[in-house]
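One structure is given here, and the rest of the page talks about it.
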Amino acid sequence: MRGSVKLFNIFGISINIHVTFLFLLVFFFLGGIRWLVLVVGVFCFVTLHEICHSLMARYYGIEVRQITLYPIGGVASMSSIPEKPVQEFFISIAGPLFNLAVVVIFYIPIKSLLGPEVLFHRPLSAATWPLTLSYLYWINLMLAVFNLIPAFPMDGGRVLRSLLAGKIGYGKATKIAVGLGHIFAVVFAYFGIINYNIILVAIAVFIYTAASNEGRLADAIEAWKKFKIGE
C-alpha cells in the first residue's frame with residue numbers, strides 16, 4: 001500500500017487513494033468533464049463495494065484497516081483470511097450483491113428520469129449528461145459481473161474456493177481458483193494486445209500477479225498447518 005494518500009475515514013476504515021490513481025484522473029479529465037465525473041462516480045461505487053466486503057468481514061471478527069483505490073480497482077486490507085468457507089462466501093459475495101442491488105433498486109427511477117432511449121442506448125457513452133448518468137448506472141452491473149468471474153483475485157474466485165473447500169480442501173480449491181485466474185489473465189492480455197487496449201493488458205497483469213500471490217499465500221498457510229501438526 002506504499003504511495004497512497006488518506007482521503008477520509010468511514011466506519012473506522014481508512015479510505016486511501018494510490019498516487020497512480022491521480023494519473024487516471026488527469027487522463028479522463030483530458031477527455032472532458034463528463035468523463036472525469038464518470039470515473040469519480042465509478043470509484044465511489046468501487047469504494048462502497050469494498051466497504052460492503054469490509055463490514056461483512058468485521059461481522060465475522062476480521063479487522064479491516066484500510067481500503068486503497070488503484071486505477072484498476074479497490075483493495076481492502078484485512079488482518080486475516082476467513083477461517084471457515086461460509087465466512088469467505090458471505091464476505092466475498094457482499095460486494096457484488098451491493099452492485100446488483102443498486103441496479104435493481106434504481107432501475108425504475110433511472111428509467112423514468114432518463115427514458116428508455118437513453119437508458120438502453122448503445123454503445124455506452126459520456127457524450128451528454130443523461131448518457132453519462134446511464135453509463136454510471138450500468139457500470140454497477142459490469143462491476144458485479146466482472147467481480148463474479150470464478151477466478152482469483154476476483155470475488156467470484158473466493159466464492160468458488162469457499163464452495164469447493166468443504167469438499168476437496170482449502171489447498172486444492174485455491175489451486176483451481178488460481179489456475180482459472182491465470183487463464184482469464186492470458187485471455188484478457190490477448191484481447192488487450194490485439195485491440196491495442198493498454199488498460200485491459202494492465203488488468204491482465206494485475207489478475208495474473210494477484211492470483212499467483214494468492215497461490216503462494218495458500219501454500220504458506222497449508223505448510224504452516226502441517227508444521228503446527230508436526231509439533
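Among the candidates Ser92, Ser14, Ser79, single out the residue that is over 25 Å from Arg161 (Cα atoms) and polar (S, T, N, Q). If you could, list the steps in order and put the result at the bottom.
Working: Ser92 fails: over 25 Å from Arg161 (Cα atoms); Ser79 fails: over 25 Å from Arg161 (Cα atoms).
Sole residue among the options that is over 25 Å from Arg161 (Cα atoms) and polar (S, T, N, Q): Ser14.
Which members of the stretch 148-170 meet the condition of being farther than 22 Å from Gly73 by Cα and either buried (at least 16 other Cβ atoms within 10 Å of the Cβ) or in contact with a Lys or Arg (Cβ under 8 Å, 6 or more places away or on another chain) (or both)? Steps first, answer last, please.
Just the residues of the stretch 148-170 that are farther than 22 Å from Gly73 by Cα, to begin with: 162-170.
Result: Ser162, Leu164, Ala165, Tyr170.
Filter the stretch 14-42 down to the residues that are touching a residue at least 60 places away in the same chain (Cβ under 8 Å) and either in contact with a strand residue (DSSP E or B) (Cβ under 8 Å, 6 or more places away or on another chain) or of a type in the set (Phe, Trp, Tyr) (or both) and list them by number.
Trp35
Assess whether His53 counts as being touching a helix residue (DSSP H, G or I) at 6+ places or on another chain (Cβ under 8 Å), farther than 26 Å from Thr132 by Cα and in the same structural domain as Lys84 (by TED's automatic domain parsing).
Details: touching a helix residue (DSSP H, G or I) at 6+ places or on another chain (Cβ under 8 Å): yes; farther than 26 Å from Thr132 by Cα: yes; in the same structural domain as Lys84 (by TED's automatic domain parsing): yes.
Yes, satisfied.
Does Arg122 satisfy the condition of being more than 15 Å from Ala94 (Cα to Cα) and in the same structural domain as Gly179 (by TED's automatic domain parsing)? First the steps, then the outcome.
Details: more than 15 Å from Ala94 (Cα to Cα): yes; in the same structural domain as Gly179 (by TED's automatic domain parsing): no.
Taking the combined requirement at face value, the residue does not satisfy it.
Is it fair to say Pro96 is in the same structural domain as Ala57 (by TED's automatic domain parsing), farther than 30 Å from His182 by Cβ and in a helix (DSSP H, G or I)?
Working: in the same structural domain as Ala57 (by TED's automatic domain parsing): yes; farther than 30 Å from His182 by Cβ: no; in a helix (DSSP H, G or I): yes.
Spelling it out, it is not the case that Pro96 is in the same structural domain as Ala57 (by TED's automatic domain parsing), farther than 30 Å from His182 by Cβ and in a helix (DSSP H, G or I).
Is it true that some residue in the stretch 125-141 is out of contact with any helix residue (DSSP H, G or I) (no Cβ under 9 Å at 6 or more places or on another chain) and either in contact (Cβ under 8 Å) with a residue 12 or more places away in the chain or not assigned by TED's automatic domain parsing to the domain that holds Ile207 (or both)? Even if it seems obvious, please write down each step before you answer.
If we filter the stretch 125-141 for residues that are out of contact with any helix residue (DSSP H, G or I) (no Cβ under 9 Å at 6 or more places or on another chain), which is where we start, we get none.
Among the residues of the stretch 125-141, not one is out of contact with any helix residue (DSSP H, G or I) (no Cβ under 9 Å at 6 or more places or on another chain) and either in contact (Cβ under 8 Å) with a residue 12 or more places away in the chain or not assigned by TED's automatic domain parsing to the domain that holds Ile207 (or both), which makes the answer no.
If only one of Glu63, Glu117 is of a type outside the set (A, V, I, L, M, F, W, C) and over 30 Å from Val19 (Cβ atoms), which one is it? It would help to see each step written out before you state the result.
Working: Glu63 fails: over 30 Å from Val19 (Cβ atoms).
It is Glu117.
Quick check: is even one residue across the stretch 95-114 surrounded by 15 or more Cβ atoms within 10 Å (Cβ to Cβ) and among the aromatic types (Phe, Trp, Tyr)?
Going residue by residue through the stretch 95-114, those that are surrounded by 15 or more Cβ atoms within 10 Å (Cβ to Cβ) are 95-100, 102-103, 110-111, 114.
Then keep just the ones that are among the aromatic types (Phe, Trp, Tyr); that gives 98.
Yes, the stretch 95-114 contains at least one residue that is surrounded by 15 or more Cβ atoms within 10 Å (Cβ to Cβ) and among the aromatic types (Phe, Trp, Tyr).
For the subset of the stretch 109-124 comprising residues that are within 20 Å of Val42 (Cβ to Cβ) and part of a loop (DSSP other than H, G, I, E, B), which member is modelled with the highest pLDDT? Can you show your working first?
Taking the stretch 109-124 as the starting set, the residues that turn out to be within 20 Å of Val42 (Cβ to Cβ) are 109-110, 113-114, 118-124.
If we keep only those that are part of a loop (DSSP other than H, G, I, E, B) as well, we get 120-124.
Details: Phe120: 93, His121: 90, Arg122: 87, Pro123: 89, Leu124: 87.
Restricting to residues being within 20 Å of Val42 (Cβ to Cβ) and part of a loop (DSSP other than H, G, I, E, B), the top hit is Phe120.
The values are calculated or read from the model by the stated rules, or taken from the named source; none is laboratory data. Predicted, not measured: the structure shown is a model, and the values here were computed from it. Quick reminder, even Gly has a Cβ in these numbers, built from the backbone with ideal geometry, and neighbours come from all protein chains shown.
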